[in-house]
Amino acid sequence: VFTLCSFTIYSSAVDSCSSSFPSFSAPFANPGLYGPNDPPLIDSNSTQPSLQSEIINIPFSVMNHFFEQPQWWCLWNGLFGMVQNKILKVGDQLMADFNVLPNVTWPSGTQLFPPSIRFVNSTTISAEYAWIYHFSTSSGDTLQFGRHNYALFAIDSEHTCFISWEKAAGQYIDTYTYVAKEVEKTLGCATDAAMDGARCLEFVFSLNGNLDVETVEELCHLWTGFGCEKTAADAVDCLPYGFPNNNT
């Protein structure tokens with residue numbers, strides 16, 4: 001159970017299958033991805049990574065095809081409001097409105113830059129997607145940076161392991177204990193939202209053997225506790241808001 005990250009979280013923190021993913025290990029970011037003076041995520045102990053995974057009763061090909069439509073994320077994943085991207089392309093900004101952000105007071109002038117999609121690898125049996133993000137001061141100093149990974153892989157012809165991993169670091173987290181605690185709660189909320197949404201997709205698939213957009217929109221925005229505020233007819237064309245689109 002969780003609220004809109006204000007925060008009340010009772011995460012089950014299930015990790016039932018990530019260790020079976022042949023190519024999945026803690027996806028620590030490399031130096032230089034955020035700013036010239038930012039260390040790798042692995043060097044920060046201020047927050048622990050949030051990792052959850054579950055075996056979902058949906059064939060990999062069906063689940064990954066649905067996941068590869070980021071404009072549909074707002075229909076089932078409570079982390080997201082509207083998402084403008086129609087595809088996931090390395091180098092593009094992830095043009096999304098996020099429902100889950102740390103409940104902290106940031107210094108005046110703090111900016112959240114649009115996340116940058118840094119990794120996309122999809123095959124017939126597995127897929128992994130990742131983006132990075134950072135909060136900066138008006139002078140360009142990084143207060144928080146982080147990485148979010150989603151991964152899926154086929155357990156067998158009928159089951160998919162779904163993984164959500166996120167870690168954050170930065171000088172604001174390292175300096176203030178209360179900020180680190182709130183950010184860590186946010187990471188748990190983000191992975192909770194993804195797992196709740198995946199369970200709802202599993203329920204929809206159990207009804208008729210597919211993931212049709214209208215049924216997902218009808219059932220899963222209630223399941224996750226967040227709504228897209230769009231009708232089913234508009235689901236495939238969720239309108240953007242939040243960040244300006246600077247993709248080329």
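The values are calculated or read from the model by the stated rules, or taken from the named source; none is laboratory data. Computed from a prediction, not measured in an experiment: that's the story for all the values here. Glycine also receives a Cβ, built like all others from the backbone with ideal geometry; neighbour counts cover every protein chain displayed. In case anyone asks, the SASA skips ligands and DNA or RNA and just uses the protein heavy atoms, side chains included. Shrake-Rupley method; radii C 1.70, N 1.55, O 1.52, S 1.80 Å.
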**Asked** Taking 1 over the mean of 1/r across every pair of different Cα atoms in the stretch 40-137, what Kirkwood radius in Å do you get?
**Response** 15.6 Å
**Item:** Potential lengthening between PHE119 and VAL90 on full extension [0.36 nm per residue; Cα-Cα distance subtracted]
**Value:** 9.9 nm
**Asked** Could you give me the ³J(HN,Hα) list for the stretch 86-95, computed from phi with Karplus coefficients 6.51, -1.76, 1.60 and θ = phi - 60°, whole Hz, x at Gly and Pro?
**Response** 9, 9, 9, 10, 4, x, 6, 7, 8, 8
**Asked** Each residue of the stretch 126-134 in turn: what ³J(HN,Hα) in whole Hz from Karplus with 6.51, -1.76, 1.60 and θ = phi - 60°, glycine and Pro shown as x?
**Response** 7, 7, 9, 9, 8, 9, 10, 8, 7
**Complete:** Using alpha-carbon coordinates alone, the radius of gyration and Dmax of the stretch 150-228 in Å work out to 16.4, 51
**Item:** Distance (nanometres) between label positions extended 7 Å along Cα→Cβ at TYR176 and HIS65
**Value:** 4.7 nm
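Let me know the shape class of the stretch 93-178, please: from the alpha-carbon gyration tensor, a ≥ b ≥ c as square roots of the eigenvalues, rounded when a/c is under 1.5, otherwise prolate if a/b is greater than b/c, or oblate. All intermediate terms of the calculation are to be shown ahead of the outcome.
Details: a/c = 3.07, a/b = 2.36, b/c = 1.30.
Since a/c reaches 1.5 and a/b is larger than b/c, the shape of the stretch 93-178 is classed as prolate.
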**Message:** Please compute the modelled spin-label separation between THR105 and SER138, points set 7 Å along Cα→Cβ, answer in nm with one decimal.
**Reply:** 1.8 nm
**Request:** Tell me which residues come under 5 Å, amide H to amide H, from PHE113 once H is placed; ignore anything under 5 positions away on its chain.
**Result:** HIS134, SER136
**Message:** Positive end of the dipole of the stretch 46-132, charges at C-beta (+1 Lys, Arg; -1 Asp, Glu), about the Cα centre: which of GLY91, VAL120, SER53 has its Cα farthest in that direction?
**Reply:** GLY91
**Prompt:** Considering only protein heavy atoms and a 1.4 Å probe, what is the carbon-and-sulfur percentage of the accessible area of the stretch 128-220?
**Reply:** 47 percent
**Request:** Would you mind checking which residues have amide H under 5 Å from ILE155's amide H? H placed 1.01 Å from N; only 5 or more apart, or other chain.
**Result:** THR160, CYS161
